[in-house]
1. If I ask for residues that are open to solvent by 40 Å² or more (accessible area, probe 1.4 Å) and farther than 30 Å from A:ALA330 by Cβ, which ones from the stretch A:305-319 would you list?
2. Could you list, ordered by first residue, the pairs with Cβ atoms under 6 Å in which the first is in the stretch A:338-359 and within 14 Å of A:TYR247 (Cα to Cα) and the second is among the basic types (Lys, Arg), at least 6 apart or interchain?
3. Quickly run through the stretch A:121-147 and pick out the residues that are of a type in the set (Phe, Trp, Tyr) and open to solvent by less than 10 Å² (accessible area, probe 1.4 Å).
4. Mind checking whether some residue in the stretch A:131-153 is within 14 Å of chain B (Cβ to nearest Cβ), over 30 Å from A:LYS374 (Cα atoms) and touching a residue at least 24 places away in the same chain (Cβ under 8 Å)?
5. Out of all the residues in the stretch A:267-276, is one or more within 13 Å of another protein chain (Cβ to nearest Cβ) and touching a Lys or Arg at 6+ places or on another chain (Cβ under 6 Å)?
6. Starting from the stretch B:1-14, keep only residues that are within 7 Å of another protein chain (Cβ to nearest Cβ), then list their pairs with residues that are assigned to a helix (DSSP H, G or I) and open to solvent by 50 Å² or more (accessible area, probe 1.4 Å) whose Cβ atoms are within a distance under 7 Å, requiring at least 6 positions of separation or different chains.
7. Residues to consider are A:ALA273, A:ALA250, A:ALA290; find the one that is assigned to a helix (DSSP H, G or I), within 20 Å of the chain's Cα centre (by Cα) and crowded, with 21+ Cβ neighbours inside 10 Å.
8. Given the criteria buried (at least 19 other Cβ atoms within 10 Å of the Cβ), farther than 30 Å from A:GLN35 by Cβ and of a type in the set (D, E, K, R), does A:ARG174 qualify?
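The values are calculated or read from the model by the stated rules, or taken from the named source; none is laboratory data. Just so it is clear, the model here is predicted, and its values are computed rather than measured. FYI the Cβ positions are ideal-geometry reconstructions off the backbone, even for glycines, and counts take in every protein chain you see. Remember, those area values only see protein heavy atoms, side chains included, never the ligands or the DNA or RNA. Shrake-Rupley method; radii C 1.70, N 1.55, O 1.52, S 1.80 Å.
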Amino acid sequence: MNYKCTIWLLTLLLALTGCGGTTVKSTKFTQLEQQTAEIPEAQLLDLGVLGFDPGLDDIEDDDSILPEIRNAEARFFADQLADTIQSSGAWGAVRVIPAADTIVDVYVKGKILHSDGENLVLAIHAYDTSGITWLRKEYDDRASRYAYDRRRKIKDDPFQGLFNRIANDLIRERQNLEGDRAETLRAISELRFARLFAPDAYSDYLRENRKGVLEISRLPAENDPLLTRIRRIRERDYLYIDTLQEYYHAFSRRMETPYQNWRAESYSEVIAARELKQQSTQRLVGGIAAVVGGIAAATSSNAASRTGGYVAATGGGMLIKSALEKKAEAQLHIETLVELGQSLEAEIEPQVIELEDRTITLTGNAEAQYQQWKAILQEIYAAERGDI
Amino acid sequence: MTGAEAVGVLDEQLDASLAVFDGMILGERGTAAGIENSNTSDDPGSAGSNDEPLFEEGELGGGSGGTAVPGMPSGAGGIEAGDGSVVDGDSNGNRTEGDASGPAVETARADGGVPADIASGADDDIVARQIREAAMKEKDPVLREKLWDEYRKYKNQQ
């Protein structure tokens with residue numbers, strides 16, 4: 001170990017003692033694009049946003065993420081995205097839907113990869129009723145500190161720009177549809193619905209190609225009496241989805257204030273915890289290196305190197321001590337985050353349970369009626385064919 | 001019974017079942033509106049929904065014979081009553097009748113909201129019972145009367 005090396009160790013020591021984290025502030029905000037050209041009603045596509053996957057399976061050992069909050073966010077984000085997409089004016093009805101077997105023209109599935117008030121990362125998959133994927137992409141955004149500054153009274157959600165980007169990408173995909181593809185997608189949706197309620201009558205109107213994409217084999221007559229009945233039933237399906245939507249909306253509105261408060265309070269804690277963790281890691285690594293290097297230098301035949309080695313080893317020890325203190329400080333912020341989360345969890349958990357109860361009851365009642373209608377339609381089909 | 005007669009009976013059953021569903025949905029939407037209104041009262045600064053009708057306007061069910069189904073729920077707000085008329089909502093959350101020719105006046109109630117001419121229901125089958133229960137639970141007088149009409153029609157054809 002030579003003199004230069006000792007100097008390097010001391011420089012490292014000084015650098016690590018003084019280093020701190022840096023915060024990158026993003027103020028870029030994506031505006032929502034509006035559909036300006038009028039879309040004929042026959043080409044308006046209905047879009048369903050499925051309740052998001054809360055991403056709880058992928059969470060590593062992170063005490064600050066509480067499952068109930070993630071479950072609530074999964075509904076909240078779906079509702080927020082549906083509202084944003086609807087506002088773009090490029091679609092028919094945009095609704096949060098309970099499951100992928102609800103029939104709409106375009107589906108959007110989302111998964112929460114990260115959400116802590118500072119950063120939001122979502123995985124989004126959009127596909128149409130025929131099974132063709134429109135987009136599969138990850139979206140991430142970092143909230144500006146100003147987003148939580150109450151003096152500014154910003155009304156928008158801190159991550160509204162992210163939802164706007166998703167909506168804008170969907171508009172572009174919609175605009176890329178060729179010719180009468182929109183009408184075809186609507187027809188496929190209607191035939192899927194007809195097939196669901198009267199499989200004997202409509203199962204051969206659609207076929208799946210080698211890629212698993214649905215194609216129309218033939219179209220029913222416009223005056224098909226069974227289809228007329230099915231359209232009346234479909235109107236009820238729309239009403240059922242609309243009613244669910246009202247429950248989702250009500251849930252989001254009740255959750256919004258405590259949730260946004262929690263985000264704002266979490267924001268500074270998340271940043272502080274992350275910076276302290278970074279400092280702790282840097283000091284620990286530097287401290288260990290300094291101690292190891294210092295011990296090596298202390299055995300040198302050169303007196304100056306030996307002195308430098310002692311200084312480095314001592315300084316390294318202090319760095320390690322400081323690293324442990326930073327880690328303990330970071331842990332305090334994490335504990336504060338957990339406390340904040342538990343407080344929010346206690347507030348919204350009854351609402352989550354209430355929403356689940358209501359949607360399960362409504363879906364169960366609707367499903368019972370649907371079974372009855374399927375049976376009646378089957379009998380009508382048999383009677384019209386002269387089978388009974 | 002001929003095939004056409006059988007289809008007619010089944011259509012009646014379908015109508016009755018749709019009416020039951022409509023009643024159920026109306027009840028649910030009333031509940032959802034209640035939650036929404038309680039949100040509004042909790043949060044005076046927020047935009048309320050008091051001025052919005054409980055049901056969006058627009059005819060449902062009728063006119064679906066030859067055209068593609070228009071865009072999903074946004075265009076399908078009314079509830080088709082048993083005779084094909086549409087019940088809409090007004091700004092106070094009260095529903096008004098879309099078809100003036102329908103029975104707008106309630107008949108006399110014998111007991112517990114059951115009209116005087118309605119029998120005990122002891123011999124009701126499952127469809128009749130569902131309509132009866134939906135009518136008894138329904139708070140909106142117009143829709144309730146529609147449901148009782150459905151019940152009468154269904155019982156008369158038995």
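1. Within the stretch A:305-319, A:ARG306, A:THR307, A:TYR310 meet the criteria.
2. A:GLN351/A:ARG254
3. A:TYR139
4. Yes; the residues of the stretch A:131-153 include at least one that is within 14 Å of chain B (Cβ to nearest Cβ), over 30 Å from A:LYS374 (Cα atoms) and touching a residue at least 24 places away in the same chain (Cβ under 8 Å).
5. No, the stretch A:267-276 contains no residue that is within 13 Å of another protein chain (Cβ to nearest Cβ) and touching a Lys or Arg at 6+ places or on another chain (Cβ under 6 Å).
6. Pairs that qualify, where the first residue is within 7 Å of another protein chain (Cβ to nearest Cβ) and the partner is assigned to a helix (DSSP H, G or I) and open to solvent by 50 Å² or more (accessible area, probe 1.4 Å), are B:GLY3/A:GLU384; B:VAL7/A:GLU384; B:LEU10/A:GLU379.
7. A:ALA250
8. No.
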